[in-house]
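Asks: The structure is given below, and queries will be raised subsequently.
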Amino acid sequence: MRRLTSLLLALLALACEEPERAATRQKVQTTIDHVAQGRLELSNGRAEAAIKEFKAAISTTPEDASLYLQLAEAYRLAGNEAGATLTLKQAESVSGVADPSLRRQRADLLRRMHQTRAAIAELKTMRDDDLLTDEELLDLSRLLAHAGKIDEAFKTIGRIQQRSPDDPEAKTMEAEILFLKGDVVLAARLMDRLITENPSLASARLLRARYFLNEKQTASAEQDLQFIEARDAKRADVLSLKARVLNEQGRVDEAAALVEHVVEEDPKDAEALALLAEIRLLQDRGGDAQVLIERILSMEPSWPRAIYVRGRAYEQQGRLEEALGDYQLALKNDGNFAPALSRIWRVYDKLGNKPDAISALEQLYFTNESTLDEKVQLARYYGETWANVDRGEKIITEVLKKDPRNPDYLAIKKMLAKGSIKKKKKGIEIIRGR
């Protein structure tokens with residue numbers, strides 16, 4: 001009798017438990033279905049529809065922080081950064097002390113939202129908690145260096161170098177930081193040594209090729225890129241730099257063919273689409289460029305490069321005020337975005353705004369992103385205004401080492417010398433910039 005009673009009680013408990021399990025299974029399946037549909041909508045470029053699906057998933061399973069991150073990404077792609085930011089905060093409150101994977105996803109999303117400062121802050125806390133891989137430490141170091149935080153950048157790669165002092169990737173990053181710091185000679189020596197010891201090191205070849213391109217040594221840049229092995233030759237950053245070298249050499253059609261191939265393989269590669277749009281402008285195919293620009297902006301509404309390329313199109317059409325607005329917007333999203341700085345000073349110059357043109361060139365100079373021509377132009381401005389004459393003389397002296405008989409360089413040197421004499425007579429110099 002007791003056994004029968006126990007069996008009946010067990011069956012009764014099971015009967016009560018089964019509906020709860022069924023409800024849980026249904027809840028899980030409903031969430032899975034909404035997430036799958038949301039991802040499908042995103043892959044088809046329907047961000048608003050994806051938002052509805054992810055919201056439905058959250059209403060079913062509000063305790064899952066990863067769902068909020070997917071909703072934030074949908075908001076970002078819909079151009080609603082306020083919604084994305086708010087959703088990120090909700091994810092943080094739901095997760096409490098987030099696990100490393102969620103923190104990593106959040107940092108990645110912040111970067112894609114172009115909130116570089118917030119992404120750096122997130123990655124730094126992960127670094128301090130020893131949660132970053134070596135590759136992530138290198139990425140953080142690069143972000144810090146380009147944000148002007150040189151000491152923090154060195155501190156970050158130091159974590160790798162403590163374990164492996166001669167790690168070639170960390171050494172390459174060290175050379176890049178030295179470049180950004182302005183220690184060009186030291187950086188060049190380190191880079192040359194790295195390539196001698198590791199001829200197939202793609203990151204070092206790429207860094208030196210960028211340096212050569214900035215110095216208008218396009219043949220040397222092309223040669224370095226040719227040494228990059230096949231397994232790395234299809235990387236987006238390698239192909240992008242190859243195309244820029246070809247553009248600088250006037251081989252625009254070759255650059256177009258190179259990038260068209262990338263776009264054919266991945267029609268949603270925003271970097272390749274943006275580069276192709278720039279090339280179309282160089283080919284005087286403004287209509288085709290505009291189609292590409294609209295396509296990119298539909299995917300990345302606040303992406304600085306997309307906004308910058310639209311500005312290039314406006315500038316080419318002579319719509320300088322609209323171009324200026326886009327360059328300013330790109331720089332608002334990323335204050336050190338070198339391509340926008342390289343164009344905005346030209347627009348300022350055309351509009352007769354020399355002080356702001358100088359400021360943009362100074363920003364390029366102090367982050368070591370200025371090309372040879374931009375260094376010369378900055379020195380020329382200093383010669384014309386007699387401001388920062390000492391810096392101008394330093395710049396033109398370095399430039400003359402490359403081409404001692406260049407009449408333009410010599411004329412700038414003469415202007416600066418007059419400014420230097422004037423300064424000594426007055427005993428005072430008006431300083432502009434840093």
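The values are calculated or read from the model by the stated rules, or taken from the named source; none is laboratory data. Every value quoted in this text rests on a predicted model; they were computed, and no experiment measured them. Ideal geometry is used to build each Cβ from the backbone, glycine not excepted, and the neighbour counts take in all protein chains shown.
Asks: For R189, are the conditions met, namely being touching a residue at least 12 places away in the same chain (Cβ under 8 Å) and either closer than 28 Å to P168 by Cα or in contact with a strand residue (DSSP E or B) (Cβ under 9 Å, 6 or more places away or on another chain) (or both)?
Replies: no
Asks: Output the residues belonging to the range 36-57 that are buried (at least 21 other Cβ atoms within 10 Å of the Cβ) and either touching a residue at least 60 places away in the same chain (Cβ under 8 Å) or farther than 26 Å from L297 by Cα (or both).
Replies: Listed by number, the list holds a single entry, A57.
Asks: A further question on this structure: Looking at (1) in contact with a Pro (Cβ under 7 Å, 6 or more places away or on another chain); (2) farther than 26 Å from F154 by Cα; (3) not β-branched (V, I, T), which is the only condition Q90 fails?
Replies: Only one criterion is unmet by Q90, namely (1).
Asks: Exactly one condition in (1) closer than 16 Å to A306 by Cβ; (2) not in a loop (DSSP other than H, G, I, E, B) is not met by P267; state its number.
Replies: Unmet for P267, out of (1) closer than 16 Å to A306 by Cβ; (2) not in a loop (DSSP other than H, G, I, E, B): (2).
Asks: Under the condition of being more than 23 Å from the chain's Cα centre (by Cα) and β-branched (V, I, T), which residue from the range 58-86 is surrounded by the most Cβ atoms within 10 Å (Cβ to Cβ)?
Replies: Residue satisfying both the conditions and the ranking: I58.
Asks: Oh, and also: Please go through (1) under 20 Å from L276 (Cβ atoms); (2) crowded, with 21+ Cβ neighbours inside 10 Å; (3) without any contact (Cβ under 8 Å) to a residue 24 or more places away in the chain for R208 and return the number of the only condition it doesn't satisfy.
Replies: For R208, the failing item is (1).
Yes/no matrix, rows are residues, columns are (1) at pLDDT 90 or above; (2) charged (D, E, K, R); (3) closer than 30 Å to R244 by Cβ; (4) not in a helix (DSSP H, G or I):
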| site | (1), (2), (3), (4) |
| --- | --- |
| L378 | yes, no, yes, no |
| P404 | yes, no, yes, yes |
| Y409 | yes, no, yes, no |
| K425 | no, yes, no, no |
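Asks: The conditions are (1) more than 33 Å from the chain's Cα centre (by Cα); (2) part of a helix (DSSP H, G or I), and G392 fails exactly one of them. Which is it?
Replies: Checking G392 against (1) more than 33 Å from the chain's Cα centre (by Cα); (2) part of a helix (DSSP H, G or I), the one that fails is (1).
Asks: Among the residues of the range 220-253, how many are in a helix (DSSP H, G or I) and over 17 Å from A188 (Cβ atoms)?
Replies: Selection size over the range 220-253: 22.
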